[in-house]
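What follows is a short report on a single structure.
Bear in mind these aren't lab numbers, they're just calculated from the coordinates by the rules spelled out. Just so it is clear, the structure is predicted and the values come from calculations on it, not from any experiment. Heads up, the Cβs are rebuilt from the backbone with ideal geometry, glycines too, and the neighbour counts pull from every protein chain shown.
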Ligand SMILES: [Zn+2]
């Protein structure tokens, strides 16, 4: 547990984020191993473990982590943002019934054709979200 905390603390410092106790707490939840979580899930987890952290602090911390490249925001829906601790380019399955986001290895998708880019632009990344439904 202490090792993980140290590792998360180092990770924050490497990205220029000052490791306050609350940032460490949120970082432990999200950065210790690959995961996808919404702000609401993070708040629920923290409340369940007895943390008095405020919603505003969680949202501010998630924004800060994203700005510093510690997390990636995946907009699975215009009103739903999921925070991803895997920040490299990769694709996702999104289960619209359960809200679960699962990684797809970039090597598992082959894009053979893309449209012409708008004039004066270059492609930065292509990341797909494949929406799935649970079979009933
Ligand atoms: Zn992911």
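Most exposed first by the Cβ proxy, i.e. fewest other Cβ within 10 Å, how do 109, 43 rank?
Placing the least packed residue first, the sequence is 109, 43.
Quick one: order 28, 46 by neighbouring beta-carbon count within 10 Å, fewest to most.
Ranked by crowding around the Cβ, least crowded first: 28, 46.
With 10 angstrom as the radius, rank 55, 18, 72 by how many other C-beta atoms surround their C-beta, starting from the fewest.
Placing the least packed residue first, the sequence is 18, 55, 72.
How far is the Cα center of segment 67-105 from the Cα center of segment 7-49, in Å?
That distance is 16 Å.
Please report Rg (one decimal) and Dmax (integer) in Å for the Cα set of the chain.
Answer for the chain, Rg first and Dmax second: 16.9, 53 Å.
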